[in-house]
Number of protein chains: 2
Amino acid sequence: MKKLINAPESVVSEALAGMAAAHGDQVKVIEPNVVVRVDAPRQGKVGLISGGGSGHEPMHGGFVGPGMLDAACPGAVFSSPTPDQMLEATKAVDGGVGVLQIVKNYTGDVLNFEMAEDLAEGEGIEVESVLIDDDVAVEDSTYTAGRRGVGGTVLAEKIVGAAAEEGRPLGEVAELCRKVNAEVRSMGLALTSCVVPHAGEPTFELGEGEVEIGIGIHGEPGRKRSELRPVDEILPMLVEPILRDLPFGSGDRVIAFVNGMGGTPLIELYIVYRRLVQLLDEAGIQIARNLVGPFITSLEMAGCSITLLRADDELIRLWDAPVNTPALRWGA
Amino acid sequence: MKKLINAPESVVSEALAGMAAAHGDQVKVIEPNVVVRVDAPRQGKVGLISGGGSGHEPMHGGFVGPGMLDAACPGAVFSSPTPDQMLEATKAVDGGVGVLQIVKNYTGDVLNFEMAEDLAEGEGIEVESVLIDDDVAVEDSTYTAGRRGVGGTVLAEKIVGAAAEEGRPLGEVAELCRKVNAEVRSMGLALTSCVVPHAGEPTFELGEGEVEIGIGIHGEPGRKRSELRPVDEILPMLVEPILRDLPFGSGDRVIAFVNGMGGTPLIELYIVYRRLVQLLDEAGIQIARNLVGPFITSLEMAGCSITLLRADDELIRLWDAPVNTPALRWGA
């Protein structure tokens with residue numbers, strides 16, 4: 001295991017310390033390991049929180065700031081955060097008009113966010129929760145009943161964050177988040193495994209000529225192993241299942257997101273994006289906006305995922321709205 | 001070699017096609033492989049161009065846009081661009097008041113930019129050129145007479161880009177660039193090699209327990225191989241040579257840049273930044289601004305580099321000025 005760390009048990013706390021030091025104008029870190037918007041709580045604004053295991057940076061802590069999340073709860077690497085973290089996040093961002101939890105569909109996350117919701121409501125804070133389950137690769141998975149939540153989460157947090165910033169009420173913000181989840185689909189692939197610091201060895205084995213199609217963000221098995229071929233031939237194995245699933249159709253407009261898994265350099269992600277443009281063009285689908293880069297990663301895993309969100313004028317307007325977070329920033 | 005590419009010979013052209021498709025509101029790609037600001041040329045504004053081998057993305061193409069570069073010339077992976085590319089870039093961005101070339105100090109880049117300068121002046125365009133040679137690791141290197149140009153280039157392009165945007169004349173813009181180069185120092189390390197697509201195998205070998213201290217961005221040898229230890233013990237091997245070299249001293253203010261080499265995930269870069277804050281604090285050096293992320297990479301190499309720029313009020317003001325490029329964006 002070759003990592004720029006001190007010890008497996010200090011990875012998350014030390015990374016959060018570094019993050020707080022680097023982005024003190026945008027976020028603060030409060031006990032127990034909660035990344036909070038520096039000006040929270042905002043009175044009269046719905047609070048938006050998310051969370052999940054660490055190892056997917058910049059998600060979620062890098063998305064805390066005006067126009068996106070109010071707080072994020074990072075668990076240990078690839079492990080759910082605790083209800084206690086979520087409760088503290090909820091209390092820290094409660095502006096008196098309720099808090100929305102955006103929850104990726106993994107069993108531990110779901111259970112703990114449910115528990116946190118009960119605890120927060122016991123303290124008089126109104127809470128709604130929306131599950132993200134956009135990964136079309138598999139129906140159930142190692143850590144999941146139902147589909148996994150992956151890249152769609154990034155788009156949901158941006159769009160729903162913009163709506164919350166406009167002062168919309170909790171019910172509307174939650175409904176918008178459900179709409180985004182209904183319209184978004186994703187699938188990923190891996191060229192290499194990653195090494196969880198506590199484990200010290202690769203999560204799975206993949207041969208020199210192999211690619212795992214439909215990989216999960218924790219290295220969970222996907223649909224199949226395939227021979228590694230030119231990316232122009234590989235990419236349809238992600239895009240076709242995504243298009244079939246919603247289904248997306250000719251005339252649709254989408255926000256297209258090419259995500260890097262952590263170890264794949266940007267030069268390759270642009271080659272992937274080039275091919276995605278061709279495939280969507282052939283399907284008559286118009287890319288209204290795009291995002292290319294490593295935003296929901298799996299430590300140093302090499303690979304990528306594709307996320308497509310069918311977007312109407314309203315979703316595009318909210319996507320374009322100003323955002324000022326460590327990892328996404330424009331118009332601010 | 002496991003990469004999301006089609007063929008080694010098409011990597012650069014396909015990545016540029018993807019980049020142009022993704023960022024068509026900011027950049028365009030013209031023949032022969034030049035990334036140009038979409039609204040170039042800007043009349044009355046000094047044009048700013050840079051370039052170098054591909055494989056360091058987002059540098060330089062990702063830094064083209066208002067407030068930073070006007071054009072970038074990407075060569076083949078880890079190979080100098082041609083004088084022809086540089087001449088076309090110069091002509092594309094010439095707004096009638098001259099063009100500044102920002103050149104990383106590698107022999108091929110230097111020779112070709114000199115030739116391009118002659119060619120452009122032959123066409124009546126005033127050109128100045130500034131070398132960046134901020135890497136304190138080694139005095140001469142595989143591709144270099146004198147020190148290598150590395151992370152300081154990113155800071156120079158941002159700061160000098162802001163000055164050019166203000167409409168300052170060529171001589172002043174060039175002088176500012178020389179000042180930034182005089183005040184900036186860098187050093188890097190690698191945990192793994194990278195694989196150049198045309199070569200198909202690792203550029204160098206590094207044992208499981210080894211780290212290369214002072215690595216070049218093309219995998220050129222550094223100062224020494226060291227045993228991989230906790231990052232808190234490794235980081236002084238970069239920071240102390242940097243501080244000694246300028247030298248930086250107590251009371252100095254700096255822009256501190258923790259760069260990822262491509263294969264190192266963000267969670268580790270924040271752990272590095274945390275340690276950097278401690279070391280600078282011990283030295284009495286104040287971090288006025290920071291940048292953490294993969295901005296000058298070496299394909300999928302795992303590792304990081306540290307860049308420190310001693311910054312006065314003017315440099316900090318220019319750093320803060322709006323920038324709107326694919327890879328750096330704020331205030332716009």
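Here are some residues: A:Gly260, A:Gly293. Which one is touching a helix residue (DSSP H, G or I) at 6+ places or on another chain (Cβ under 7 Å), among the small types (Gly, Ala, Ser) and at positive phi? Full working, then the answer.
Values: A:Gly260 fails: at positive phi.
Being touching a helix residue (DSSP H, G or I) at 6+ places or on another chain (Cβ under 7 Å), among the small types (Gly, Ala, Ser) and at positive phi holds for just one of A:Gly260, A:Gly293, which is A:Gly293.
Can you tell me which residues in the range A:83-106 are of a type in the set (S, T, N, Q) and surrounded by fewer than 24 Cβ atoms within 10 Å (Cβ to Cβ)? Please lay out each step first, then the result.
Taking the range A:83-106 as the starting set, the residues that turn out to be of a type in the set (S, T, N, Q) are A:85, A:90, A:101, A:105.
Passing the criteria: only A:Asn105.
If B:Ala145 passes every condition in (1) touching a helix residue (DSSP H, G or I) at 6+ places or on another chain (Cβ under 8 Å); (2) closer than 18 Å to B:Gly47 by Cβ but one, which one does it miss?
Every listed condition holds for B:Ala145 apart from (2).
Among the residues of the range B:206-219, what is the count of those that are assigned to a loop (DSSP other than H, G, I, E, B) and free of Cβ contacts under 8 Å to residues at least 24 places away in the same chain?
Taking the range B:206-219 as the starting set, the residues that turn out to be assigned to a loop (DSSP other than H, G, I, E, B) are B:206-209, B:214-219.
Keeping just the survivors that are free of Cβ contacts under 8 Å to residues at least 24 places away in the same chain gives B:206-209.
So the count comes out to 4.
Given the conditions (1) more than 14 Å from chain A (Cβ to nearest Cβ); (2) closer than 22 Å to B:Gly171 by Cα; (3) out of contact with any Phe, Trp or Tyr (no Cβ under 8 Å at 6 or more places or on another chain), report the number of the one that B:Gly65 does not fulfil.
All conditions are met except number (1).
Within the range B:256-274, is even one residue more than 11 Å from chain A (Cβ to nearest Cβ), at pLDDT 95 or above and crowded, with 16+ Cβ neighbours inside 10 Å?
To start, the set of residues in the range B:256-274 that are more than 11 Å from chain A (Cβ to nearest Cβ) comprises B:259.
Keeping just the survivors that are at pLDDT 95 or above gives B:259.
Next, from what is left, pick out any that are crowded, with 16+ Cβ neighbours inside 10 Å: B:259.
Looking for residues that are more than 11 Å from chain A (Cβ to nearest Cβ), at pLDDT 95 or above and crowded, with 16+ Cβ neighbours inside 10 Å, one finds at least one in the range B:256-274, hence yes.
On the basis of being touching a residue at least 40 places away in the same chain (Cβ under 8 Å) and not in a loop (DSSP other than H, G, I, E, B), does B:Lys158 make the cut?
Working: touching a residue at least 40 places away in the same chain (Cβ under 8 Å): yes; not in a loop (DSSP other than H, G, I, E, B): yes.
So B:Lys158 fits the description; yes.
So in the range B:222-240, with the set limited to residues that are away from chain A (no Cβ under 14 Å) and in contact with a Gly (Cβ under 8 Å, 6 or more places away or on another chain), which one is nearest to B:Tyr143 (Cα to Cα)?
Filtering the range B:222-240 down to residues away from chain A (no Cβ under 14 Å) leaves B:222-224, B:240.
When the remaining residues are screened for being in contact with a Gly (Cβ under 8 Å, 6 or more places away or on another chain), the result is B:222-224.
On the way: B:Gly222: 13, B:Arg223: 15, B:Lys224: 18 Å.
Among those that are away from chain A (no Cβ under 14 Å) and in contact with a Gly (Cβ under 8 Å, 6 or more places away or on another chain), it is B:Gly222.
Checking the condition outside the structural domain of B:Glu300 (by TED's automatic domain parsing) and over 17 Å from the mean Cα position of the chain (by Cα), which residue from B:Val195, B:Val211, B:Val173 passes?
Just one listed residue meets the conditions, B:Val173.
Among the candidates B:Arg37, B:Arg42, which residue alone is basic (Lys, Arg), in contact with a strand residue (DSSP E or B) (Cβ under 9 Å, 6 or more places away or on another chain) and within 16 Å of B:Gly161 (Cβ to Cβ)?
Going through B:Arg37, B:Arg42 in turn, the sole match is B:Arg37.
Go over the candidates B:Gly171, B:Gly188, B:Gly200, B:Gly146 one by one and state the one that is within 14 Å of chain A (Cβ to nearest Cβ) and either at pLDDT below 95 or surrounded by fewer than 17 Cβ atoms within 10 Å (Cβ to Cβ) (or both). Please lay out each step first, then the result.
Values: B:Gly171 fails: within 14 Å of chain A (Cβ to nearest Cβ); B:Gly188 fails: either at pLDDT below 95 or surrounded by fewer than 17 Cβ atoms within 10 Å (Cβ to Cβ) (or both); B:Gly146 fails: within 14 Å of chain A (Cβ to nearest Cβ).
Selected residue: B:Gly200, the only one of B:Gly171, B:Gly188, B:Gly200, B:Gly146 that is within 14 Å of chain A (Cβ to nearest Cβ) and either at pLDDT below 95 or surrounded by fewer than 17 Cβ atoms within 10 Å (Cβ to Cβ) (or both).
Go through the residues of the range B:185-200 one by one and say whether even a single one is without any contact (Cβ under 8 Å) to a residue 60 or more places away in the chain, of a type in the set (Lys, Arg), part of a strand (DSSP E or B) and in contact with a Gly (Cβ under 8 Å, 6 or more places away or on another chain). Even if it seems obvious, please write down each step before you answer.
Taking the range B:185-200 first, the residues without any contact (Cβ under 8 Å) to a residue 60 or more places away in the chain are B:199.
Add one more test, that the residue is of a type in the set (Lys, Arg), and what stays is none.
No: zero hits.
Would you check which residues across the range A:59-115 are closer than 27 Å to A:Arg185 by Cα, in a loop (DSSP other than H, G, I, E, B) and among the hydroxyl-bearing types (Ser, Thr, Tyr) and list them? Outline the logic, then answer.
Taking the range A:59-115 as the starting set, the residues that turn out to be closer than 27 Å to A:Arg185 by Cα are A:59-81, A:86, A:99-114.
In the following step, the residues that additionally are in a loop (DSSP other than H, G, I, E, B) were identified as A:59-60, A:65-68, A:70, A:78-81, A:105-106.
Answer for the range A:59-115, where residues must be closer than 27 Å to A:Arg185 by Cα, in a loop (DSSP other than H, G, I, E, B) and among the hydroxyl-bearing types (Ser, Thr, Tyr): A:Ser79, A:Ser80, A:Tyr106.
Give just the number: which of (1) facing another protein chain (nearest Cβ under 10 Å); (2) in contact with a Lys or Arg (Cβ under 6 Å, 6 or more places away or on another chain) does A:Val11 not satisfy?
(2)
Scan the range B:303-332 for residues that are closer than 24 Å to B:Arg275 by Cα, of a type in the set (Val, Ile, Thr) and within 15 Å of the chain's Cα centre (by Cα) and report the count.
Adding up the residues that qualify gives 2.
Has the range A:51-61 got at least one residue that is away from every other protein chain (no Cβ under 14 Å) and crowded, with 20+ Cβ neighbours inside 10 Å?
First, the residues of the range A:51-61 that are away from every other protein chain (no Cβ under 14 Å): A:51.
Remaining after also requiring crowded, with 20+ Cβ neighbours inside 10 Å: A:51.
For the range A:51-61, residues away from every other protein chain (no Cβ under 14 Å) and crowded, with 20+ Cβ neighbours inside 10 Å: present.
For the range A:261-270, give me each residue that is of a type outside the set (A, V, I, L, M) and out of contact with any Asp or Glu (no Cβ under 8 Å at 6 or more places or on another chain).
The initial filter retains those residues of the range A:261-270 that are of a type outside the set (A, V, I, L, M), namely A:262-265, A:268, A:270.
Of everything in the range A:261-270, just one residue is of a type outside the set (A, V, I, L, M) and out of contact with any Asp or Glu (no Cβ under 8 Å at 6 or more places or on another chain), namely A:Glu268.
Scan the range B:299-332 for residues that are at the interface with chain A (Cβ under 10 Å from one of its Cβ atoms), crowded, with 19+ Cβ neighbours inside 10 Å and aliphatic (A, V, I, L, M) and jot them down.
Listed by number, the residues that qualify are B:Leu299, B:Met301, B:Ala302, B:Ala327, B:Leu328.
Going by the conditions given, is A:Ile296 touching a His at 6+ places or on another chain (Cβ under 9 Å) and more than 8 Å from chain B (Cβ to nearest Cβ)?
Working: touching a His at 6+ places or on another chain (Cβ under 9 Å): yes; more than 8 Å from chain B (Cβ to nearest Cβ): yes.
It is true that A:Ile296 is touching a His at 6+ places or on another chain (Cβ under 9 Å) and more than 8 Å from chain B (Cβ to nearest Cβ).
For the range B:21-50, give me each residue that is within 20 Å of A:Asn259 (Cβ to Cβ) and either away from every other protein chain (no Cβ under 12 Å) or not in a loop (DSSP other than H, G, I, E, B) (or both).
B:Ala21, B:Ala22
From (1) within 11 Å of another protein chain (Cβ to nearest Cβ); (2) within 28 Å of B:Lys3 (Cα to Cα); (3) of a type outside the set (Lys, Arg), pick out the condition that doesn't hold for A:Ile285.
(1)
The values are calculated or read from the model by the stated rules, or taken from the named source; none is laboratory data. Only a predicted model underlies this, so the values are computations on that prediction, with no experimental measurement involved. For neighbour counting, all protein chains shown are included, and Cβ atoms are generated from backbone atoms with ideal geometry for every residue, glycine included.
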